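> Please see the structure below; I have some questions.
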């Protein structure tokens with residue numbers, strides 16, 4: 001793909017930064033942009049897994065405290081453990 005086509009699809013302002021960083025070499029600028037996209041995809045995957053793990057931990061730590069049954073003398077017991 002020609003740099004002008006690539007630049008018109010992406011953004012002239014963004015691609016000019018990449019081209020400047022690559023010393024004016026348009027081929028290297030396109031490669032650098034693609035590498036940046038790949039890195040962003042990898043980081044997003046790691047962040048997504050971290051978010052899921054964090055939400056699970058927070059849910060486990062706060063479930064009984066924020067339970068709808070809060071205030072009852074047996075609110076910490078699961079429904080099968082409740083005293084009738």
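Values quoted throughout were computed directly from the atomic coordinates according to the rules given, and no laboratory measurement underlies them. Because the structure is a prediction, the values reported are computed rather than measured. Please note: Cβ atoms are built from the backbone with ideal geometry, for glycine as well, and neighbour counts cover all protein chains shown.
> Taking 0.36 nm per intervening residue step and subtracting the Cα-Cα distance, what contour gain separates residue 54 from residue 39 on full extension?
Full extension of this stretch gives 3.1 nm more.
> Taking other Cβ within 10 Å of each residue's Cβ, how do 15, 10 sort, fewest first?
Exposure proxy ranking, most exposed first: 10, 15.
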